[in-house]
């Protein structure tokens, strides 16, 4: 029997539609960020709060208003498509907005961004359950973390789910969260919150979602990029990993990136899993699109993070609200946190050449905060101490003036040999008054600055109980420093290269010092001989020996007693070009003339060394060679010391007219344009540098390469 033509056509059409539906691809656009760390206000290139002057010069990044604007712009551009906005945790801790509002500011702005889901980070537990519970009360988005076991007595209740299922464009998307298992050591979740194995918890929840027929599952994690790649992406059933915790920049265009964006990982089940992370501090918005086949397998994933620089105009309503909320923060700056029985010496001419009471305070505070984690040695760069504090009441503003960079406490392990190498680096530019001079706690050392750089240490002893014992080169020690140094800043490349079990995202250093002052109130400033300069062996007369040694080791103090914080203008971090490397007489030394890196790594906020009369140091970068290169370059002034007393070298240099250095060691972020502006005063002179260095590519300067700098 013949069917009518129309019936056949209808049947064929239905079959075609059915076949098309069965094999249709599904695309999902994911916008994401992580490790916001209370950067409610925009940040500068040092990851610290951006000033009004920097904002006017279009030198700022991120911030809640700019992040909101970027999310809105991408949503508008993707109108009609499937879009998710995800937050991979650590919204708390990192600015005075958190100190003042304890998470209320962060949740207000996250609500405004209309995020679809968030996982908790370890810093959400920094102050116990209370702030997180209040955050959850106000959150208008789901929070998912599978590896938390919360008992009935917890303030958190049942508001943190193991997973959720969202219907996006007619497809069910499962989202499973996880937080680092190190949370109990890094924060204070309290007795009612247990953290279990992340991979096991995710795996169990993925199985539960798969049993419901869900085949597109996102692991939203705060465990770190290495863990995401090595473990989480290899869990059967996980389709995508959106991560945080390690502050990792992934990119296909940025040479400083730790890997491609997304990083495609082979899952043992026979498919590839895209892994993404978007640095930190709201500087980037991750943006990628994933194509699934009809079985929920990822066919393709592509994208790149968006740098939220001045080209992204902040949302005006959020910007106004940020300004309104900033007003009470000024009151916090005035808050008295303790009392000092005497001036706390932080003058640069003291703390960069010898033990100082401010260095002892900061190092003691870091060690006190981390001792329970097995830490026994603290090392703080003298250049990170930016002011003194007078006797009497000490305010939070005083502490912030001393420590303005929003650096975090970093813990790690080093061998004794590496600790010795770090101290040698700290002593390597003492004649220049460089900021790398090591202020310490938990150890004591002596040095002879007349010896060549790299061999100035005479002795190093580490405190064990109530006794000091010689540093054992083979033994592994727990060390605490700031994240700038841990990343290789101020020439501490050994920290970046050889540190084991490093964690760079502890509490802010200024908060640790403020807490320590409050716990030791009133505080009595002191020095105890933990750093000792010994006299050179060969001297003509004891009397003649004593005077120069004392003059070199103990410059006249800055008399902090009659002032509150004694802050010099150069205490503000600024690009080296603004600080004038060529204008300084000390610029005759090639190594010390290196300009600051224009864009530091996002995983490490900077703690730069100030300039005139001391040359500026490079900002920290991810590249180990970048941080070690300046340290390897020998300044010109010590060379002159072979024929003249060491104390005379700076004076001799000061009497000479400024000179253009003959070489420059490339550090991450250098460009020919920037170097030309630094050394010649005009970026248009970059061709002169290119002509003198024909073996380089102008757009990709090799880190560690020594460039010839022709005379003007």
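Just a few scattered comments:
- Some residue of region 279-288 being within 30 Å of residue 671 (Cβ to Cβ), out of contact with any strand residue (DSSP E or B) (no Cβ under 6 Å at 6 or more places or on another chain) and surrounded by fewer than 20 Cβ atoms within 10 Å (Cβ to Cβ): no
- Among the residues making up region 306-331, those that are touching a helix residue (DSSP H, G or I) at 6+ places or on another chain (Cβ under 7 Å) and surrounded by fewer than 16 Cβ atoms within 10 Å (Cβ to Cβ) are 313, 328.
- From 120, 144, 149, residue being at pLDDT 95 or above and farther than 27 Å from residue 408 by Cβ: 149
- Test: residue in region 465-479 that is in a loop (DSSP other than H, G, I, E, B), in contact with a helix residue (DSSP H, G or I) (Cβ under 8 Å, 6 or more places away or on another chain), in the same structural domain as residue 531 (by TED's automatic domain parsing) and within 22 Å of residue 518 (Cα to Cα): no
- Top-ranked residue in region 406-433 [being under 29 Å from residue 281 (Cα atoms) and touching a helix residue (DSSP H, G or I) at 6+ places or on another chain (Cβ under 7 Å); ranked as surrounded by the most Cβ atoms within 10 Å (Cβ to Cβ)]: 407
- Residue match in region 94-111 (condition: part of a loop (DSSP other than H, G, I, E, B), crowded, with 24+ Cβ neighbours inside 10 Å and in contact with a strand residue (DSSP E or B) (Cβ under 6 Å, 6 or more places away or on another chain)): no
- Region 281-303, subset assigned to a loop (DSSP other than H, G, I, E, B) and at positive phi, residue modelled with the highest pLDDT: 282
- Hey, residue 218 assigned to a strand (DSSP E or B), buried (at least 24 other Cβ atoms within 10 Å of the Cβ) and more than 29 Å from the chain's Cα centre (by Cα) or not: no
- Of all the numbered requirements in (1) in the same structural domain as residue 475 (by TED's automatic domain parsing); (2) in a helix (DSSP H, G or I), residue 318 misses one, and that requirement is (1).
- Matching residues, region 337-349, being touching a helix residue (DSSP H, G or I) at 6+ places or on another chain (Cβ under 8 Å) and surrounded by fewer than 18 Cβ atoms within 10 Å (Cβ to Cβ): 342
- Residues of region 152-199 satisfying the condition of being in a loop (DSSP other than H, G, I, E, B), without any contact (Cβ under 8 Å) to a residue 40 or more places away in the chain and within 17 Å of residue 214 (Cβ to Cβ): 170
The values are calculated or read from the model by the stated rules, or taken from the named source; none is laboratory data. All values derive from a computational prediction rather than experimental measurement. Here Cβ is always computed from backbone atoms with ideal geometry, including for glycine, and neighbour counts include all displayed protein chains.
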